[in-house]
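Okay, so here's the structure we're looking at.
A short reminder: the numbers here are calculations on the coordinates, not readings from a lab. Here the structure is a predicted model, which is why all the values come from computation and not from measurement. Here the Cβ is made from the backbone with ideal geometry for all residues, glycine too, and neighbour counts use every protein chain on show.
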Amino acid sequence: MKRFFFRLSLKRLFVLLILGCAALVLTVWGSHVWVEKTAHDRCYDDVAKVPPMDVALVLGCSPRIGGLTNLFYLYRMEAAAALFRAGKVKAFIVSGDNSTHQYDEPTAMKESLIAAGVPAEAIHCDYAGFRTLDSVVRADAIFDQKRFIVVSQRFHNERAVFLARRRGLEAVGFNAEDVSRSIGLSTHLREYLARVNAVLDVTLLQTEPKFYGPKVKVR
């Protein structure tokens with residue numbers, strides 16, 4: 001009798017494990033499809049096809065990884081500068097992490113854009129862009145921008161545009177050159193979980209940025 005109940009318990013545990021795995025796969029897949037479907041026709045590879053807007057929101061990342069240039073960062077700066085040269089935007093919000101004095105993504109982005117020919121007065125730093133959601137929401141709440149072009153790699157742009165649309169903002173993405181999967185594999189894999197988190201943030205959790213703060217006027 002004990003052996004019977006033991007086998008029954010193992011069977012139930014196995015069924016629950018299978019159901020849990022299936023639910024996880026469906027959640028990840030469903031989130032990915034929802035984000036992609038929302039943004040797929042709002043993200044552009046060709047700068048000539050990007051609708052002009054006053055402001056571009058450039059999403060930050062570390063300029064260097066282990067002493068080497070971070071290609072995700074480099075390609076984002078090149079894409080942002082290309083938007084400006086094409087006359088698609090008049091100003092930038094460079095949004096990233098500045099959680100310590102030693103780590104300052106927005107200032108690094110501003111310096112890179114100045115070096116690429118963008119006037120300093122056209123670049124505005126958002127030092128509290130700790131997450132993509134923070135950057136998108138603060139573009140509206142702090143910088144008063146309800147229409148903007150997001151600059152990052154396509155996978156990141158899709159999630160940012162999804163978040164913006166769910167907040168009632170009009171956003172499109174300009175896709176920076178992507179990094180090969182052999183180099184950026186971990187980043188691309190993390191994106192699947194990031195999309196689940198994004199869906200939860202705008203549905204069940206109703207997440208707000210870590211910080212708000214005083215308004216910043218953008219030209």
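Some points to look at:
- For the stretch 145-206, a simple Cβ point-charge model (Lys and Arg +1, Asp and Glu -1, everything else neutral) yields a dipole of about 200 debye relative to the Cα centre.
- Here's the picture: charge each Lys and Arg Cβ at +1 and each Asp and Glu Cβ at -1 in the stretch 10-152, and of 93, 137, 16 the one pushed furthest to the positive end of that dipole is 16.
- Counting beta carbons within 10 Å around each of 27, 100, 187, 132 and listing the fewest first gives the order 100, 27, 187, 132.
- Fewest-first ranking of 165, 159, 138, 154, using other Cβ atoms within 10 Å as the exposure measure: 165, 154, 138, 159
- Relative contact order %, the stretch 36-202, counting alpha carbon pairs below 8 Å whose residues are six or more apart: 28 percent
- Among 105-114, 210-219, sorting by the average number of other beta carbon atoms lying within 10 angstrom of each residue, highest first, gives 105-114, 210-219.
- In degrees, nearest ten, helix 71-85 long axis to first principal axis of the chain (Cα): 40 degrees
- Cβ-derived FRET efficiency at R0 25 Å, residue 141 paired with residue 82, nearest 0.05: 0.35
- Between 0 and 90 degrees, the angle of helix 181-202 with respect to the longest Cα principal axis of the chain falls at about 80 degrees.
- Bridging of residue 11 to lysines at a Cα separation below 25 Å is possible for 2, once same-chain residues fewer than 8 apart are set aside.
- Candidate lysines - alpha carbon under 25 Å from residue 215, same-chain residues fewer than 8 apart omitted: 88, 90, 110, 146
- Whether the stretch 1-128 is rounded, prolate or oblate, judged on the alpha carbon gyration tensor where a/c under 1.5 counts as rounded: prolate
- Rounded tilt (10° steps) of 154-166 against the dominant C-alpha axis of the chain: 90 degrees
- Antiparallel bridges, percent of DSSP beta bridges restricted to the chain (to nearest 5): 15 percent
- Helix-only CD estimate at 222 nm, as mean residue ellipticity for the chain, using -39500 (n - 2.57) per DSSP H run (n ≥ 4): -17000 deg cm²/dmol
- Cα gyration tensor shape for the stretch 110-165, rounded if a/c is under 1.5, else prolate or oblate: prolate
- Between the stretch 33-51 and the stretch 167-196, the Cα center-to-center distance that results, in Å: 12 Å
- Think of each Lys and Arg Cβ as +1 and each Asp and Glu Cβ as -1; about the Cα centre, that makes the dipole of the stretch 36-202 roughly 340 debye.
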